[in-house]
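S.K.: The structure under discussion is supplied below as structure tokens; questions concerning it will follow.
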Amino acid sequence: MATVAEIIEHYCDPKTEGRPWAVSWSGGKDSTTVLVLVCRALQMIPANRRTRWVNVIMLDTKIENPILEDYMRRQVRAFNRWARQNDMPISAEIVSRPIKRSFWVGVVGWGWTLPTNGDDRYCTHALKIEPQNARLADGNPCLQLIGSRSEESTRRAMTINKYREERGSRFSVSPYNDGRWIYLPIVDYTTNEIWQILLNPLPWGPSDEIRRLYKDATGECALINPGGSVKATQACGARFGCWVCPPIIRDRSTENMANVYEWMKPLTEWRQLLKDVHNPKKNPHLRSGYRRNRTPMGPGKGCLAIHARKYLLKELLRTQEDVNRLRELDENPLHRVPIELISQEEVDMIHAAWAEDADKRPWLIDNREMEPGDFEKAEKRLSERQELRKERRAKKKQLLDEKPFVVTTV
Ligand code: SF4
């Protein structure tokens with residue numbers, strides 16, 4: 001109730017009257033809790049004072065875990081129905097990156113290398129942050145409410161503290177420097193408190209499905225494991241991430257779900273295949289050895305060769321067929337509906353990308369050297385760079401080892 005009262009106070013703040021809010025909703029337990037609290041607040045505000053519009057944004061990476069994706073879509077529909085029927089100034093929408101820049105078009109079409117769990121984790125930015133920020137810029141909300149909690153992980157707590165307005169505050173400035181404020185209503189909640197809220201029905205429908213989702217994916221259950229001892233395993237902090245998530249070593253949520261739902265097994269196998277195809281140690285011949293701009297990178301490096309991309313698409317479509325065949329046998333009627341792992345529009349764009357590369361960038365067709373000595377030069381350049389880096393590190397260490405004072409005995 002204290003959080004609901006706080007939300008009401010900020011909602012009715014005359015200083016920002018009329019300016020919209022945005023709520024980020026992933027469908028997971030934390031952001032759902034924030035949305036529940038916002039709805040409870042709206043229900044308590046008299047109708048004539050509900051003058052601020054609240055836009056609920058749900059991100060779809062288009063490679064979401066299929067169970068969660070289906071759940072997300074049904075939740076958005078149920079939520080909007082509830083908002084309309086109760087005349088609430090709030091609505092939810094699904095936002096995603098344009099198809100021509102989707103993960104599949106990038107990786108299978110243009111042969112992008114896979115994101116890694118380091119500086120090169122471009123997927124989080126490209127699939128989540130970029131579309132969300134563009135949508136926010138369009139709606140220009142004065143406040144964005146998100147469900148981050150300090151208890152989620154040490155790394156998350158550090159990020160929260162870095163951007164907090166002041167120590168202990170539930171407000172922080174947007175790290176994207178766009179003048180937006182971020183409000184973290186449940187930043188100090190424990191997992192137990194979250195599940196206590198979600199044990200009650202959601203304003204827009206029952207809450208048993210979200211509890212079952214967590215139980216199937218992680219074993220975390222509101223009734224069996226109220227402390228929520230299972231930690232997030234996804235690379236970008238998402239409990240249920242993308243089913244192909246390359247940065248993580250093992251996607252435990254999809255693997256656990258595959259133990260419950262037979263039709264998810266081909267997904268875990270295809271994910272491994274994607275990683276193997278990109279593994280330069282296992283399959284160096286599947287990389288072209290060049291960048292898109294023809295910079296030689298050497299054998300086993302650079303963009304994926306066109307023949308490897310063709311193999312990936314063939315296997316992906318076969319996986320889609322296998323998944324749908326197995327889904328027909330599922331006990332749950334909701335799971336018997338066929339799903340699309342990749343859309344026809346994406347497949348068409350992928351074919352167009354191969355044709356363009358074959359025509360304009362012949363160095364990406366296979367792993368052949370375009371000019372004799374290209375790869376040798378690339379290897380030389382790479383080892384020179386490595387040497388330089390080693391030297392710099394050694395110099396830095398030497399400087400650190402040197403004592404910053406001199407003692408003279410007289
Ligand atoms: S879940 Fe994995 S693939 Fe998806 S955006 Fe996050 S890190 Fe990238």
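The values are calculated or read from the model by the stated rules, or taken from the named source; none is laboratory data. All values derive from a computational prediction rather than experimental measurement. A quick note on method: Cβ atoms are made from the backbone with ideal geometry, for glycine too, and the neighbour counts reach across all protein chains shown. Note: areas computed on protein heavy atoms with side chains; ligands, DNA, RNA excluded. Shrake-Rupley method; radii C 1.70, N 1.55, O 1.52, S 1.80 Å.
S.K.: Helix 154-163 sits at what angle to the longest principal axis of the chain, using alpha carbons and giving 0 to 90 degrees rounded to 10?
M.R.: 70
S.K.: Sticking with this structure for a sec: Per residue, what accessible area does the chain have, given a 1.4 Å probe and all protein chains present, in Å²? Don't skip to the answer; put the middle values down first.
M.R.: Working: 21640 Å² over 410 residues.
Ligands and nucleic acids excluded, the result is 53 Å² per residue.
S.K.: Could you rank Tyr176, Tyr122 by how accessible they are, 1.4 Å probe, largest area first?
M.R.: Correct descending sequence by accessible area is Tyr176, Tyr122.
S.K.: With a 1.4 Å probe and all protein chains in place, put Thr409, Thr16 in order of accessible area, largest first.
M.R.: Reading off the accessible areas and sorting them downward yields Thr409, Thr16.
S.K.: Distance from the Cα centre of the range 269-288 to that of the range 97-126, in angstrom?
M.R.: First find each Cα centre; the distance between them is then 16 Å.
S.K.: Roll a 1.4 angstrom probe over the protein heavy atoms and tell me the percent of accessible area of the range 1-153 that is carbon or sulfur.
M.R.: Roughly 51 percent, rounded to a whole number.
S.K.: With only Lys, Arg, Asp and Glu charged, each at its Cβ (+1 for the first two, -1 for the last two), find how big the charge dipole of the chain is about the Cα centre; round to the nearest 20 debye.
M.R.: Rounded to the nearest 20 debye, it is 1060 debye.
S.K.: Hey, another quick one. How far apart, in nm, are two points set 7 Å out from the Cα along the Cα-to-Cβ line at Leu329 and at Val407?
M.R.: Inter-label distance under the simple model: 7.7 nm.
S.K.: Using all C-alpha to C-alpha distances in the chain, build P(r) with 10 Å bins and read off the rounded percent in each one.
M.R.: In whole percents, the pair-distance histogram is 4, 18, 26, 22, 16, 9, 3, 1, 0, 0.
S.K.: Considering only Arg309, Arg287, Arg19, give the residue with the highest GNM mean-square fluctuation for the chain, with springs between Cα atoms whenever their separation is below 10 Å.
M.R.: Of Arg309, Arg287, Arg19, the Gaussian network model singles out Arg19 as fluctuating most.
S.K.: Rounded, prolate or oblate, given the Cα gyration tensor of the range 343-403, with a/c below 1.5 counting as rounded?
M.R.: Numbers: a/c = 7.38, a/b = 2.25, b/c = 3.28.
It is oblate, given that a/c is not under 1.5 and a/b is not larger than b/c.
S.K.: Quick check: net charge around Ile45, other residues with Cβ under 11 Å of its Cβ, Lys/Arg +1 and Asp/Glu -1?
M.R.: Details: positive: Arg40, Arg49, Arg50, Arg52; negative: Glu9.
My count for the surroundings of Ile45 gives +3.
S.K.: Let me ask something else about it. How high is the FRET efficiency between Glu371 and Tyr311 when r is their beta carbon distance and R₀ equals 30 Å, given to the nearest 0.05? Can you show the working numbers first?
M.R.: Working: r = 27 Å, r/R0 = 0.89.
Result of the calculation: an efficiency of 0.65.
S.K.: Counting only protein heavy atoms and using a 1.4 Å probe, what share of the accessible area of the range 245-348 belongs to carbon plus sulfur, as a whole percent? Provide the component values of the computation, followed by the final result.
M.R.: Working: 2710 of 5230 Å².
Whole-percent figure for carbon plus sulfur exposure: 52.
S.K.: Moving on. Looking at the square roots a ≥ b ≥ c of the eigenvalues of the Cα gyration tensor of the range 261-410, which shape do they give, rounded for a/c under 1.5, prolate if a/b is larger than b/c, or oblate? Each step should come with its number before you reach the end.
M.R.: Numbers: a/c = 3.96, a/b = 1.77, b/c = 2.24.
Oblate shape, in that a/c is at least 1.5 and b/c is the bigger or equal ratio.
S.K.: Show that you can apply the helix-only estimate: for the chain, add -39,500 (n - 2.57) for every DSSP H stretch of four or more residues, divide by all residues, and state [θ] at 222 nm to the nearest 500.
M.R.: Roughly -14000 deg cm²/dmol at 222 nm, from the helical runs in the chain.
S.K.: How much of Val260 can a 1.4 Å solvent probe reach, expressed as accessible area in Å² and rounded to 10?
M.R.: Spelled out: Val260, probe radius 1.4 Å, area about 80 Å².
S.K.: Using a Gaussian network model of the chain with C-alpha springs under 10 Å, which one of Arg389, Arg73, Arg180 is most mobile by mean-square fluctuation?
M.R.: Maximum among the listed residues: Arg389.
S.K.: GNM, the chain, Cα, under 10 Å: largest mean-square fluctuation among Gly289, Gly373, Gly139?
M.R.: Of Gly289, Gly373, Gly139, the most mobile in the Gaussian network model is Gly373.
S.K.: So which of Lys100/Lys360; Lys301/Lys397; Lys215/Lys265; Lys215/Lys310 end up more than 28 Å apart, counting from Cα to Cα? Could the numbers behind the result be given before it?
M.R.: On the way: Lys100/Lys360 19 Å; Lys301/Lys397 31 Å; Lys215/Lys265 18 Å; Lys215/Lys310 37 Å.
Over 28 Å apart, Cα to Cα: Lys301/Lys397; Lys215/Lys310.
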